[in-house]
């Protein structure tokens, strides 16, 4: 039998009972659509987290004092407790090839008072390079300058959230020149940051920035650093630069085992991506259950069809159809059902993810690989669940089949 | 040419053995129109299944055009049916919701005849079975019983088989339509020289044939020639 003969037979058989074929197909449509939609939502979540992390600054290496235990991530590292990163380490890191900018930081929480309002938030002592490294922009005024840093100046730059907390009724332009009290020391506001949005655990929106020197000498009285953020010139050089920094700091600290940790964005991304991937897999697994149910529906329909058409099978055999011709015909009916069902399912899944995107909850991504996977899986289901009924049809004895009433 | 030599077919139900055919032998030449008659349970259906290469005998040989088909596998039997045998059944067995023309083309699909030739051969077969051309595109359930049986005859003809096997072809028809269908068989035999074997239990139907084989209890009771058959040219 030629392909076009099989196809035209299949088309004839399926269109002979449109309602049943359609309902059976619906099972596959729903299964494939939910798999596509779930994977697209998972991918969307992954992309959104990825862009959040990259928004913290690109090509970033973070040097933390103490040892961050692998697997426990950076959240539970108890950073700030260790005092192994010093000011003299800054120049060592700066001198390394491939390092564009270094932003040493000291953070601590203090009470801030401004014209009757007060808030408790993170004060971060920074150098001018913070702006470049952390990829942030000012809405008004200026950032901490080299001059401020040299003079141990009493200047402060407010994150967007802090600004509205302290001066609820005022435009950000009017805040420049205002005085705030941090830990009983007066600071002049010289700049306001643009709100960056929910970038998670260390959003600059909730911070107040002061010169590093002022932070160390006046506010906290400590001469060590909470962390150093290092901007690397090229994404491909990250690993190399990380090694060089490690070696340089080991030599400088004169220790055999590192008393600091270097975390790249990839490390953070990697952890989060693993979590999301697991989550996506979980969603897709639930969706595949409906696909399995759809497949059983196909098998059920095919078994009914074979019984109903026993006489036709007998006739076909009597006029010369071989076992494999009959096999192929019924198998191709099952595969055709799942293939069309899969195609419609992909469109429906695409539509669902489009609707999710347009409601603004999440920007979903339908990946080509998930579409190909869905197509493969639906064709596979047709073969797997069509095989048994087709085999039964092929095995029918023509005499019994012709006598069947 | 059909040669049946000492064919026996035994069915087993539990411990009981039953010979549906018991050591039966006969020869049918090309171009003959033979009726096989017998009461129900006589073994004529079993004989038809063996003659139609739908089943293997328990013992004995069946030579169809000098080829032994009594011991062939299922798929080899399917090839024999495809190339050498055309069936006409009592319950017409056309595919439902399918046009007349497509029904007749069905054996050609399995025989690997394609395109224009497939259509041309189906049309020729339909015309020789006496079906009017304006029914060719009708659905198989839109035509009358007599027409359906002629479509079935056309389908049996379309592969140019050595043998046309008709199993109670008039069983579901009234006597007048039955006459017309039998006329079609006679015409095919006389004018086209087709070998036809007719299985029936009705005397009047059997008398359309040139020779009648009476079967009873799986044995050949009588081999009667009614009139001299026209040899195949």
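Miscellaneous remarks
- Candidate set: the range B:1-45, residues that are surrounded by 22 or more Cβ atoms within 10 Å (Cβ to Cβ) and within 13 Å of the chain's Cα centre (by Cα); chosen: the one modelled with the lowest pLDDT: B:44
- Those residues of the range A:238-251 which are surrounded by fewer than 18 Cβ atoms within 10 Å (Cβ to Cβ) and modelled with pLDDT under 85, in sequence order: A:239
- Subset of the range A:313-362 that is surrounded by fewer than 18 Cβ atoms within 10 Å (Cβ to Cβ) and within 12 Å of chain B (Cβ to nearest Cβ) - its residue that is nearest to residue B:89 (Cα to Cα): A:323
- Test: residue A:364 is under 18 Å from residue A:47 (Cα atoms) and touching a residue at least 40 places away in the same chain (Cβ under 8 Å): yes
- Complete set of residues in the range A:111-126 that are without any contact (Cβ under 8 Å) to a residue 40 or more places away in the chain and out of contact with any strand residue (DSSP E or B) (no Cβ under 9 Å at 6 or more places or on another chain): A:116
- Residue match in the range B:17-30 (condition: closer than 30 Å to residue A:14 by Cα and in contact (Cβ under 8 Å) with a residue 60 or more places away in the chain): no
- Top-ranked residue in the range B:44-72 [being assigned to a loop (DSSP other than H, G, I, E, B) and at the interface with another protein chain (Cβ under 10 Å from one of its Cβ atoms); ranked as nearest to residue B:158 (Cα to Cα)]: B:52
The values are calculated or read from the model by the stated rules, or taken from the named source; none is laboratory data. Every value quoted in this text rests on a predicted model; they were computed, and no experiment measured them. When we count neighbours, we look across all protein chains shown, and the Cβ atoms used for this are built from the backbone with ideal geometry, even at glycine.
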